[in-house]
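Peer 1: Structure provided below as structure tokens; questions to follow.
Since every read-out is calculated from the coordinates, none of them should be taken as a lab result. The model shown is predicted, which means the values in this text are computed figures rather than measured ones. In this analysis, Cβ positions are derived from the backbone assuming ideal geometry, glycine residues included, and neighbour counts consider all displayed protein chains.
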Amino acid sequence: MLTIALPKGRLMDKALELFQRSGLVQNIDFAESRKLIIEDKEAGFRYILAKPFDVPTYVEYGAADIGVVGKDVLKENARAVYELLDLAIGRCRMIVAVKEGSGLEKVQELGFSAKVASKYPRVTKEFFRSHGIQSEIIELNGSIELAPIVDLADAIVDITETGRTIEENGLKIIGEVFPISARLIANQASYKIHYPELRRIVKSLEEVVSC
């Protein structure tokens, strides 16, 4: 039985819809269960329902053979896993935003020691370093848009789908870090041991994703 780690929340719903369309999930109602581990014996899968940031950890250490995770989490965690497929769901982008009245129009205009708030410290530091900016990273876990408003930070690095929340909070986007979508990842040992089965899963999902 293969173990699949899924991120709880909206991305899990989209991933399950994709799995159902590809025929990988049979007759399991995830919404009706409060269990964190759900077995689909007919299909030969066991699902671990985890927080999004924990999915790559479960996969890297072999608690799960494969998993579904956003590219943002994958880059921030930098876990030793194989990225098998872009599932083309959960599309959004990681951006840099500042206060509307800041006078800044692009990332390069931020000061040499800019204070940047984000829940992605690794990605944020690498991005600003690539632009020659020695940033001070302020790690937050929620309501990142608040940081520039209360002068906690000069800018934020966060994810957005439409940019609407950014605008509604008096901020503007001045740069893009990278586009995001969900990825299918695999444990390195599992990929070798279960190669034929994992390739079958990838092929089934590819047919649905390409439609």
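Peer 1: Regarding the stretch 92-179, what whole-number volume in Å³ per residue does the convex hull of its Cα atoms give?
Peer 2: Numbers: hull volume 7.0 nm³, N = 88.
Looking at the stretch 92-179, the number lands at 80 Å³ per residue.
Peer 1: Given charges of +1 on the Cβ of Lys and Arg and -1 on the Cβ of Asp and Glu, with all other atoms neutral, how large is the dipole of the chain about its Cα centre, in debye to the nearest 20?
Peer 2: Values: 28 positive and 31 negative charges, 99 e Å.
Rounded to the nearest 20 debye, it is 480 debye.
Peer 1: With axes computed from alpha carbons, what is the tilt in degrees of helix 195-209 against the longest principal axis of the chain, rounded to the nearest 10 within 0 to 90?
Peer 2: Its long axis makes an angle of about 60 degrees.
Peer 1: Using only DSSP helix segments of four residues or longer, with each worth -39500 (n - 2.57), what per-residue ellipticity at 222 nm results for the chain after dividing by its residue count and rounding to 500?
Peer 2: Details: 8 runs with 65 residues, N = 211.
When only DSSP H runs of four or more count, the value is -8500 deg cm²/dmol.
Peer 1: Moving on to the next point. Can you grab the distance from the C-alpha centre of the stretch 89-111 to the C-alpha centre of the stretch 152-211, Å, no decimals?
Peer 2: 19
Peer 1: What angle do you read, to the nearest 10 degrees and between 0 and 90, between the alpha-carbon axis of helix 10-21 and the longest principal axis of the chain?
Peer 2: 30
Peer 1: With viscosity set to 0.692 mPa s at 37 °C, what whole-number translational diffusion coefficient in µm²/s follows for the chain from Stokes-Einstein and a Kirkwood radius over Cα pairs?
Peer 2: Details: Rh = 18.5 Å.
It diffuses with D of about 178 µm²/s by this estimate.
Peer 1: Nearest 10 degrees, 0 to 90: what angle lies between the long axis of helix 121-130 and the longest principal axis of the chain (Cα atoms)?
Peer 2: With rounding to tens, the tilt is 60 degrees.
Peer 1: I would also like to ask the following. Tell me which of Ala186, Gly101, Cys211 sits at the most positive position along the dipole axis of the chain, charges placed on C-beta atoms (Lys, Arg +1; Asp, Glu -1).
Peer 2: Ala186
Peer 1: Turning to a different aspect of this structure: For Ser22 and Ser113, compute 0.36 nm times the residue count separating them, minus their Cα-Cα distance, and round to one decimal in nm. Write down the numbers at each step before the final one.
Peer 2: Numbers: separation 91, 0.36 × 91 = 32.76 nm, distance 4.87 nm.
Residue separation times 0.36 nm, minus the Cα-Cα distance, leaves 27.9 nm.
Peer 1: I would also like to ask the following. For Leu84, which sequence-distant residues (separation of 5 or more, or a different chain) have an amide H within less than 5 Å of its own amide H, given hydrogens modelled in the peptide plane?
Peer 2: For Leu84, whose amide H was placed from the backbone, the distant partners under 5 Å are Leu184, Ile185, Ala186.
Peer 1: Could you work out the relative contact order of the stretch 92-179? I mean the mean sequence separation of Cα pairs under 8 Å and 6+ apart, divided by the number of residues, in percent.
Peer 2: Numbers: 176 pairs, mean separation 42.3, N = 88.
Rounded, it is 48 percent for the stretch 92-179.
Peer 1: If you restrict to DSSP beta bridges whose two residues both lie in the chain, what percentage is antiparallel, to the nearest 5?
Peer 2: 65
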